[in-house]
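Written out below as structure tokens is the structure these notes cover.
The values are calculated or read from the model by the stated rules, or taken from the named source; none is laboratory data. Here the structure is a predicted model, which means the values were calculated and not measured. Heads up, the Cβs are rebuilt from the backbone with ideal geometry, glycines too, and the neighbour counts pull from every protein chain shown. Note: areas computed on protein heavy atoms with side chains; ligands, DNA, RNA excluded. Shrake-Rupley method; radii C 1.70, N 1.55, O 1.52, S 1.80 Å.
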Amino acid sequence: MDGELGDFLRSRRARIRPEDVGLNSYGRRRVPGLRREEVAQLAGVSVDYYIRLEQGRGPSVSDAVLDAIARVLRLDATEHAYLRTVARPKARTAAEPAGRRVRPGLRLLLDLFERAPAFVLGRRMDVLAWNALGDALVGFSRMPAAERNMPRQVFLDPGARELYPDWPAVAAETVAYLRLDAGLHPDDKELAALVGELSMKSEDFRRLWADHQVKAKTYGVKRIDHPVVGALTLPYETLAVPGEPGLSLVVYTPEPGSETAERIALLASWAAAGPEEQEGARDLRA
């Protein structure tokens, strides 16, 4: 992940037009967006200082300077926090222990969500545990253990584009969240291998990764076209697990009384049935 700070700043500069920040657009521009000297001028730092910062060879940078640059580049709260992280490698979080396991109490908690699909994500969006509805919804247990990873599922599973009607949006937010993780763990060899694999096998991933978007996935809505019960509109909440850095609990929360809630109830019944009954009721869509 070398050069992440410079790549990120250049990508953010490219999306800001001079006229957006009160500057006249003069001269022929070889690349879109603000020039480095314009960012420096607006942030109140010397051009040399900003160039060294973008090249990753500057001194320890203050909060005030980072805040000024974030203001000039119109970073949102997540991007601003990401800038602070990648600008200060020594402040980044420690690597996750190898062979991470989900504690028994958390697995029991998953099973308490009888009407809500739920699962636990670790670093790199690895899927570490799930409840019966989560498995029925996404099919984690059918994935090889080494491939239980959301970016792999989104970009390499041939059925993902049918499962997610809004696949372009799902793909973009998946990459943006993975990029956020990369900023916290620049020396993660497994993450580098994952990015390399996805870049080699998916042109879409390669394009999105090069865009340097960062986004936290704390809550939202995901549409799923399930092969058994049909169209589902599922709000979700992503909760950090106390005492377990890097782990998050994702819970889909269908609105009570909605068509989606009814279909989730059908999915729960289907998941609880035996293989022969499941095959006989393969399509429960209205």
- [ ] May I ask you to rank GLU37, GLU173, GLU190 by accessible area, largest first, using a 1.4 Å probe over the protein chains only?
- [x] GLU190, GLU37, GLU173
TODO: Please check which bits of the stretch 165-201 a label hung off ARG84 would reach, taking the label as a point 7 Å along Cα-to-C-beta and the cut-off as backbone N under 17 Å.
DONE: 180-181, 183-185
Task: Carbon/sulfur fraction of accessible area - the chain, other protein chains in place, 1.4 Å, % - done: 52
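Sum -39500 (n - 2.57) across every DSSP H segment of at least 4 residues in the chain, then divide by the residue count to get the 222 nm mean residue ellipticity, nearest 500. Could you put the intermediate results ahead of the total?
Values: 14 runs with 134 residues, N = 286.
The helix contribution divided over the chain gives -13500 deg cm²/dmol.
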Task: Using a Förster distance of 45 Å, the FRET efficiency for GLU262-ASP63 (Cβ separation, nearest 0.05) - done: 0.35
Task: Vicinal HN-Hα couplings computed from phi for the stretch 198-214 (Karplus, 6.51 cos²θ - 1.76 cosθ + 1.60; Hz; Gly/Pro x) - done: 5, 5, 6, 9, 9, 5, 4, 4, 4, 5, 5, 5, 5, 7, 6, 6, 10
- [ ] Calculate one ³J(HN,Hα) per residue across the stretch 175-192 by plugging θ = phi - 60° into the Karplus curve 6.51 cos²θ - 1.76 cosθ + 1.60, and present them in order as whole Hz with x for glycine and proline.
- [x] 5, 5, 6, 5, 5, 4, 5, 5, x, 7, 9, x, 9, 6, 5, 5, 5, 4
Open item on the list: Could you compute the net charge surrounding PHE113? Neighbours are other residues with a C-beta less than 13 Å from the C-beta of PHE113; K and R count +1, D and E count -1.
Closed with: -2
Open item on the list: Taking 8 Å as the Cα distance limit and 6 or more residues as the minimum spacing, I'd like the relative contact order of the chain as a percentage.
Closed with: 16
- [ ] Whenever you get a sec, line up GLU203, GLU259 from highest to lowest accessible area (probe 1.4 Å, protein heavy atoms).
- [x] GLU203, GLU259
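Dipole of the chain, Cα-centred, from +1 at each Lys and Arg C-beta and -1 at each Asp and Glu C-beta, to the nearest 20 debye? Before the final figure, lay out the partial values.
Values: 41 positive and 41 negative charges, 243 e Å.
Using only the charged Cβ atoms, the result is roughly 1160 debye.
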Open item on the list: Using a probe radius of 1.4 Å on heavy atoms only, what accessible surface per residue do you get for the stretch 95-239? Whole Å² is fine.
Closed with: 49
Task: Highest-MSF residue in the chain out of ALA146, ALA171, ALA116 [GNM, Cα springs under 10 Å] - done: ALA146
Task: Choice from MET125, MET150, MET200 showing the highest fluctuation, given a GNM over the chain with Cα pairs closer than 10 Å - done: MET200
Task: Vicinal HN-Hα couplings computed from phi for the stretch 33-45 (Karplus, 6.51 cos²θ - 1.76 cosθ + 1.60; Hz; Gly/Pro x) - done: x, 7, 7, 4, 5, 6, 4, 4, 4, 6, 8, x, 10
Task: Other-chain or far-sequence residues with amide H under 5 Å of VAL229's (modelled H) - done: LEU284
